[in-house]
Every structure is written in structure tokens, then in C-alpha cells.
Amino acid sequence: MDPRYRPRVGTRPRIGHNPRVAPTTGLIPSTPYVELDRQAWTRLSGSTPLPLTDADVQRLRGLGDPIDLAEVDAVYRPMSRLLNLYVEATTNLHEASSTFLREDSGGTPYVIGVAGSVAVGKSTTARLLRELMARWPQTPHVELVTTDGFLFSNAELARRGLMDRKGFPESYDRRALVAFLSKVKAGHAEVRAPVYDHVTYDIVPNERVVVRRPDVLIVEGLNVLQPARPTPVGSSEFAVSDFFDFSIYVDARASVVRQWYIDRFLSLRSTAFTRPESYFHKYAGLTDDEAVERAGRIWDAINAPNLVQNILPTRSRATLVLTKGANHAVERMRLRRL
Ligand SMILES: Nc1ncnc2c1ncn2[C@@H]1O[C@H](COP(=O)(O)OP(=O)(O)O)[C@@H](O)[C@H]1O
Ligand SMILES: CC(C)(COP(=O)(O)O)[C@@H](O)C(=O)NCCC(=O)O
């Protein structure tokens, strides 16, 4: 039996609940998601326009990601329509809440989280979304922040014995990230975030990005769907995702992402790693076999355990899960029912 369906034994659907009854089995789905294959998803785009060109997609895609305009049309046009509907509904909800509180609604930013493994293509998804949403008339001002800026500096990670745990929840200054999001959500005129440099593999001293009351803020990072840390009795702490209006988890099989990580490492070897300031400069001269071996070791020691222990368990918290196949194309979508 399809495990997503449980028998209708002595249970009645709740009022207002709209169970999707599997036509052949008469069973009620026990998943909170609607699952769609690529074709079904693509059909949902309706007449939503796609204001991007092939050149835009080439500019926005990450290293090693072969995404093209056809893929963006099939996957991101329906997503654009969905988000447009959600943003509009949320704006109405904010207005209702402000009417109740007798406050000025003041334009609360719509916050979207993008989560997933290292090397799964989160940055491509986040950049495409930023570009698409900024072209809507209602949300011209879209900002994108990556959570790597909230990693502790290498000096601090070394002090805490966490240099081999970069990307694990404990390697981030979560309190600073939560404070940043809470100020953006509260409508502060200017909120600053620290900046990470993948080339030097460290926080850039004295550099900040400034976020000025965006219509939409996209927050991209490995651990953005992590629940709040356990707190002592009598106290409480926010999770990063408490500030999200919508979240996307970019998913692919771990063995496939491992290969993407290795392929990217091979490309970086002849590009970013050749720069003397690159933290990985010592790997620029590796042979193919040595580079594959080294990348595989970094993956197996750091990124794979982080994926299995910390990132994957947060997938079920996302509003939308995009599942990619080995060729990077999105094959399946799961949208959380409201
Ligand atoms: N060692 C590195 N040197 C330079 N750029 C890197 C390095 N590692 C990752 N990047 C770049 O950083 C970005 C984020 O990578 P990552 O966190 O793995 O997320 P994702 O691949 O899911 O977008 C990507 O654009 C990637 O190409
Ligand atoms: C910087 C990262 C932790 C990603 O951070 P994020 O923006 O997702 O918060 C990751 O790209 C990374 O460098 N991981 C450490 C292991 C490695 O070098 O692949």
C-alpha cells in the first residue's frame, strides 16, 4: 500500500478539512503536502509571465548548474504565480491584523527562506527568485542575504574547536541572525549583516550588507529551517524560520549532491583556487584523481554528516520542497497544505 495513505478507520474528516481521497483506494492522505510531478506543476503557471531572458538565467545560475530558460519556465513560472498569490494574501492578513491592533500596517517585508545541502543549488534558486519577484510591480525591492555571513570567523571557530564543523548549527552566531531578522521584520530603516567570502573561506572584516526596508527578503542557507535551540526552563528563543512567511527546501539524493560537490571542486580548482588569497589555493595544483579524492574527503567528513544530521531533518518544515534529479532538473514538487 502507498505509505502516504492511511486507512479510513473510524475517522471523519474535520470540518473545513479538504481531504484528497485517493480515487482507487478511498484512503485519506496522511501527508501535509500536495505532491506534484513536473508536468502537473508546470500546468499551474496559468498565464503568469516569465520576465527573464536566456542571458539572465546564464548570469544567475551557479557554478556547474546547467539550468536554462526552459527549466526556469517549467519550474519557476508556476512558483512565481504561487508566491504572487501568497504575498497578496499575506499582505491582506497583515492589514487585517493592523486594523485589529489600530496600528499603521507600514509594509512588513515578506520573508522567504531557501534551505538545502551544500552544493545543491540553493543560491541559483534564491537568485532566480530575487530577480523574478523584483520584476513584479508590487515588490520591486527584493533583498537576498546568505546565512554564511553569520558564521563565526575562522579565528572564533578555531577557538571553539569548530573548524571542521563549518556549516553545522553551532558554527553560526544564531543570536545575531535572529536579531537581524527580527529588525528587518519590524521595519527598521537600515539593518546590517556581516559578509562571508568563499574564496578566503572567512568572514570579511569590517564589511556589511545593508538591508533597507525591502518588500521581500530572501534568506538562503543550510540551516535556515533549524528549530530553536532547547532553552532553560522559563525562557524561550526564536528560530530563524519563525520569521519566514514561506520556505523552500532544495532537495536531491545525497549521492548525487556529493557528485555535484566533487564536480564543482574540480571546476574551482582551475578558477577560484588559483587565486593566491584562496583558502584552497594549496589544492590548485592537484591532479584530477587527487582533487576528486580530496573533495570526497571534505564531503564525507563535513558536508555529508551535516546533511544527514542537521539539514535533511528540517526538510519537512518547508512550505515547498523541490526535488532535483541527477541532471539538476527539478522532477517533483511538494507543497504544504495550508
Ligand atoms: N571554495 C569555494 N570557492 C569559491 N566559491 C565557492 C566555494 N565553495 C562554494 N562556492 C560558491 O558559493 C556559493 C554557495 O555554495 P553552497 O553554499 O554550496 O550553496 P549552493 O551550491 O546550494 O548554492 C556557490 O555559488 C558556489 O559556487
Ligand atoms: C559556507 C558554507 C558553510 C555554506 O554556508 P550557508 O550560506 O549555507 O550558511 C559551506 O559552503 C562550506 O564552506 N562548508 C564547509 C565545508 C566545505 O568547505 O565544503
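Results, tabulated for the structure shown:
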quantity: Percent antiparallel among DSSP beta bridges (both partners in the chain, rounded to 5); calculated: 50
quantity: Cα centre as origin, Lys/Arg/Asp/Glu Cβ charges: region 181-338 dipole, Debye; calculated: 540
quantity: C-alpha long axis of helix 122-134 to longest principal axis of the chain, angle in °; calculated: 60
quantity: Coil-residue trypsin sites (Lys or Arg not before Pro) of region 208-287, DSSP, other Cβ within 10 Å capped at 14; calculated: R212, R253
quantity: Rounded tilt (10° steps) of 254-269 against the dominant C-alpha axis of the chain; calculated: 40
quantity: Mean-position separation - Cα centroids, region 161-205 and region 279-307, in angstrom; calculated: 24
quantity: Cα-based helix-to-principal-axis angle, 69-101 vs the chain, degrees rounded to 10; calculated: 60
quantity: Candidates per GluC sites (Glu not before Pro) in region 260-338, loop by DSSP, up to 11 other Cβ within 10 Å; calculated: E277
quantity: Rounded Å value of the spacing that divides the Cα centres of region 217-233 and region 102-158; calculated: 14
quantity: Percent RCO, i.e. relative contact order, over region 78-223, from Cα pairs under 8 Å lying at least 6 residues apart; calculated: 34
quantity: S47, S80, ranked by accessible area, largest first (probe 1.4 Å); calculated: S47, S80
quantity: Rounded, prolate or oblate (a/c below 1.5 giving rounded, otherwise prolate when a/b exceeds b/c) for region 38-83 by Cα gyration tensor; calculated: prolate
quantity: Gyration tensor verdict on region 99-180 (Cα atoms; rounded if a/c is under 1.5, prolate if a/b is larger than b/c, oblate otherwise); calculated: oblate
quantity: Rule-of-thumb Rg ratio for the chain [Cα; 2.2 N^0.38 Å; N residues]; calculated: 1.06
quantity: In nm, spacing of pseudo-spin labels at L44 and D104 (7 Å Cα→C-beta vector); calculated: 3.7
quantity: Net charge of neighbours whose Cβ lies under 14 Å from the Cβ of G187, counting Lys and Arg as +1 and Asp and Glu as -1; calculated: -1
quantity: Accessible-area composition of the chain, carbon plus sulfur, in percent [1.4 Å probe]; calculated: 53
quantity: Accessible surface, the chain, averaged per residue in Å² (probe 1.4 Å); calculated: 52
quantity: Cβ-derived FRET efficiency at R0 45 Å, L36 paired with N206, nearest 0.05; calculated: 0.45
quantity: Loop trypsin sites (Lys or Arg not before Pro), region 57-117, which have at most 16 other Cβ atoms in a 10 Å radius of their Cβ (DSSP); calculated: R102
quantity: Lys pairs under 28 Å by Cα in the chain, provided they are eight or more residues apart or on distinct chains; calculated: 9
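The values are calculated or read from the model by the stated rules, or taken from the named source; none is laboratory data. Since the structure is predicted, the reported quantities are computational estimates derived from the model, not experimental observations. Backbone-built Cβ (ideal geometry, glycine too); neighbour counts: all protein chains shown. The protein model used for the area step is the full one, side chains on, heavy atoms only, and it has no ligands, DNA or RNA in it. Shrake-Rupley method; radii C 1.70, N 1.55, O 1.52, S 1.80 Å.
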